[in-house]
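Trainee: First the structure, then my questions, so here it is.
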Amino acid sequence: MQVEAVILAAGTSSRMPPWKLGLPLGPRTVVEWTVETFSRVAHRVIVVGGHRFEDLRRLLAPYAVDLVYNERYPEGMFSSVKAGLHQVNPDADWVFIHPADHPLVRPRTLQLLLESRGAVVVPTYRGRKGHPLLLRGSLVPAVLAWPDHETLRTFVRSSPLTLVETGDPAVVLDLDHPEDYERLKQLAEERLEGL
């Protein structure tokens, strides 16, 4: 089973300055946590950058990832989704799509999503939908053909969904405000203590 992951790391962090992907969470930065987690489950990790691309390249130099520059990143997240999916191997069975500012999703959560076998799989925590999205590889051409003025959300809404309750609060914890960062730092400490 070939699993690939597209990590969306191109945004400008406009709601959470400074550059949130470079913020520390224990021994790693936000984007490093995300990449390390997906590297444990996916055979290939594609990271789509834009804003502060050279900083992203420097942070991810030690990791075996395919780094892609999306020159259209100011147009919004869907342009980065498409830039990443264009790089996915046509033979991939499954593709995760995940924003880099959701850094602490457990590897076990990713395995749970893969075990569900749905075509479009969304994790939940206490009934709230979160990230990552898991797509059957055969759906990649349909996403790439979806109109540029639309969003990944509208594609997902048009599809039959499989919802998977994960018990993992990190699927709904993003990093948009300073209080989000404090919650993530606390969760990172708990995860590190549990190792």
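The values are calculated or read from the model by the stated rules, or taken from the named source; none is laboratory data. Not measured: the values here are computed from a predicted model. Cβ coordinates were reconstructed from backbone atoms using ideal geometry, including for glycine residues, and neighbour counts include every protein chain displayed.
Trainee: Between residues in segment 160-181 that are without any contact (Cβ under 8 Å) to a residue 24 or more places away in the chain and residues that are part of a loop (DSSP other than H, G, I, E, B), which pairs lie under 9 Å by C-beta distance while being six or more apart or on different chains?
Mentor: Nothing qualifies.
Trainee: Go through segment 140-150 residue by residue and tally those that are surrounded by fewer than 16 Cβ atoms within 10 Å (Cβ to Cβ) and within 17 Å of VAL95 (Cβ to Cβ).
Mentor: Number of matching residues: 4.
Trainee: If you take the residues in segment 182-195 that are free of Cβ contacts under 8 Å to residues at least 60 places away in the same chain and not in a loop (DSSP other than H, G, I, E, B), which one is surrounded by the most Cβ atoms within 10 Å (Cβ to Cβ)?
Mentor: ARG183
Trainee: Taking the stated definitions as given, is ARG72 basic (Lys, Arg), touching a strand residue (DSSP E or B) at 6+ places or on another chain (Cβ under 9 Å) and without any contact (Cβ under 8 Å) to a residue 60 or more places away in the chain?
Mentor: Judged against the criteria, ARG72 is a match.
Let's see how each residue does on (1) of a type in the set (Asp, Glu); (2) without any contact (Cβ under 8 Å) to a residue 24 or more places away in the chain; (3) surrounded by fewer than 16 Cβ atoms within 10 Å (Cβ to Cβ); (4) under 28 Å from ASP180 (Cα atoms):
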{"site": "LEU67", "(1), (2), (3), (4)": "no, yes, no, yes"}
{"site": "HIS102", "(1), (2), (3), (4)": "no, no, no, yes"}
{"site": "VAL120", "(1), (2), (3), (4)": "no, no, no, yes"}
{"site": "ARG128", "(1), (2), (3), (4)": "no, no, yes, yes"}
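Trainee: Need at least 3 residues that are in contact with a Ser or Thr (Cβ under 8 Å, 6 or more places away or on another chain) and under 20 Å from LEU192 (Cα atoms) per element, so show me which helices (runs of 4 or more DSSP H) inside segment 22-125 make the cut, counting only ones lying wholly within it.
Mentor: 107-116
Trainee: Would you confirm whether or not segment 159-176 contains a residue that is farther than 21 Å from SER80 by Cα, assigned to a helix (DSSP H, G or I) and not polar (S, T, N, Q)?
Mentor: Start the filter on segment 159-176 by keeping residues that are farther than 21 Å from SER80 by Cα, which leaves 160-170.
In the following step, the residues that additionally are assigned to a helix (DSSP H, G or I) were identified as 169-170.
Imposing the further condition that a residue be not polar (S, T, N, Q) reduces the set to 169-170.
The answer is yes, given that some residue of segment 159-176 is farther than 21 Å from SER80 by Cα, assigned to a helix (DSSP H, G or I) and not polar (S, T, N, Q).
Trainee: When you go through (1) touching an Asp or Glu at 6+ places or on another chain (Cβ under 9 Å); (2) farther than 17 Å from ALA5 by Cβ; (3) at pLDDT 95 or above one by one for ALA142, which number turns out not to apply?
Mentor: Single failed check for ALA142: (1).
Trainee: Now for a different question. Here's a check for you: in segment 26-55, which residue that is of a type outside the set (Val, Ile, Thr) and within 18 Å of LEU134 (Cβ to Cβ) is surrounded by the most Cβ atoms within 10 Å (Cβ to Cβ)?
Mentor: Ranking the candidates gives PHE38 first.
Trainee: Can you name the residue in segment 14-25 that is in contact with an Asp or Glu (Cβ under 8 Å, 6 or more places away or on another chain) and surrounded by 14 or more Cβ atoms within 10 Å (Cβ to Cβ) and is also modelled with the lowest pLDDT among such residues?
Mentor: My answer is MET16.
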